[in-house]
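In what follows, a single structure is set out as structure tokens and then discussed.
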Amino acid sequence: MTKNILLMFASILLSFTALAEDQRAWNASLGAGVAFRKNLRVGNTYENMDKSYVVRPIPIIQASYGRFSLGVQGISVLAFGDHTANVSAFIKRDGDRYHGLGMTPRKDSVFVGASAKFANYGFTLSHDINGRSKGYIATANYAKFFPVSETLILRAALSLDWLDDKYAEYYYGVRSHEVTASRREYHLNNYFLPGMAIMPIIQISERSSIVTVISSKILPKEVSQSPTMKGSRFEFGGILSYSYKL
């Protein structure tokens, strides 16, 4: 369950760009980084995701032109407003990836949604249109920048996710035909997921920067007690990246 360490990173990076310079008709940046997260799953055979921590290299690609933007956050279009108050529509990939032995693979999916931002507050609502979970995700967050020096800015954020019955059942439920001697049938309903993140941004030069994200979320018991999970309620992850503005 990543749920958007990558999405969070991308949206924060765009926000920082907007604060750091005047709006231009187009913006683009390229870079690379390493993402890691604590593995909360049991027996996940999807691409070596059975380690205690999952570590992967990631490309950093961000581009925007007028009201359109493309990147880790997917494709979005600004309906109206500016970087301080706006409403946007987006399409992106979201969800989780879990391949348990003898279970139907759970895959990430395509979500379409809308987002609104006012000052430090944000809200998003998205729906799985790919037909995998067919679920909804709603997120409310509060974020604030803290300038430390001319080259260092800290961003702190609090978030609260709500994931509906279909999302919860698809990714963490166990169906009757998936039951084994060591895995019981399991069903669950919608749940809330509180989280927080801290992001130091180091400006190396006018065009290049190093961005670090450290984030954590607290899972409800209903999710952590799923037979597909290890039982831990603490999700932890982060990203270390370098980005160059073209």
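Quick look at the values:
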{"read-out": "Amide H within-cut-off set for His83, under 5 Å, with H built and near neighbours excluded", "value": "none"}
{"read-out": "Centroid-to-centroid separation of the stretch 49-80 and the stretch 153-183 [C-alpha atoms, Å]", "value": "22"}
{"read-out": "3J(HN,Hα) from dihedral phi, the stretch 38-49, Karplus parametrisation 6.51/-1.76/1.60, rounded to Hz, x for glycine, proline", "value": "5, 8, 9, 8, 9, x, 7, 8, 6, 6, 6, 8"}
{"read-out": "Amide proton proximity set for Ile58, modelled H, under 5 Å, gap of 5+", "value": "Gly33, Val34, Ala35"}
{"read-out": "Average accessible surface area per residue within the stretch 24-173, 1.4 Å rolling probe, Å²", "value": "53"}
{"read-out": "Computed P(r) (all Cα pairs; the chain; 10 Å bins; percent)", "value": "7, 30, 36, 18, 7, 1, 0"}
{"read-out": "³J(HN,Hα), Karplus 6.51/-1.76/1.60, whole Hz, each residue of the stretch 143-158, x for Gly, Pro", "value": "9, 8, 8, 10, x, 9, 8, 5, 10, 10, 10, 10, 10, 10, 9, 10"}
{"read-out": "Relative contact order computed over the stretch 159-246 (Cα-Cα under 8 Å; 6+ residues apart), in percent", "value": "27"}
{"read-out": "Using alpha-carbon coordinates, inclination of helix 5-20 to the longest axis of the chain, degrees", "value": "10"}
{"read-out": "Semi-axes of the equivalent ellipsoid for the stretch 79-183, Cα gyration tensor, largest first, Å", "value": "35, 17, 11"}
{"read-out": "Selected from Ser133, Ser176, Ser115 as most flexible by GNM, with the chain as the system and alpha-carbon contacts under 10 Å", "value": "Ser176"}
{"read-out": "Hz values of 3J(HN,Hα) by residue in the stretch 215-225 - Karplus curve (6.51, -1.76, 1.60), Gly and Pro given as x", "value": "9, 8, 9, 10, 7, x, 4, 4, 7, 5, 8"}
{"read-out": "Apportionment of accessible area to carbon and sulfur, the chain, percent (1.4 Å)", "value": "63"}
{"read-out": "About the Cα centre, charge dipole magnitude for the stretch 196-246 (Lys/Arg +1, Asp/Glu -1 at Cβ), debye", "value": "80"}
{"read-out": "Dipole magnitude of the chain, debye to nearest 20 (Cβ charges: Lys/Arg +1, Asp/Glu -1, about Cα centre)", "value": "460"}
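The values are calculated or read from the model by the stated rules, or taken from the named source; none is laboratory data. These numbers come from a predicted model, not from an experiment. With ideal geometry, Cβ positions are generated from the backbone for all residues, glycine too; neighbour counts draw on all protein chains shown. The accessibility values were calculated without ligands, DNA or RNA, using every heavy atom of the protein model including side chains. Shrake-Rupley method; radii C 1.70, N 1.55, O 1.52, S 1.80 Å.
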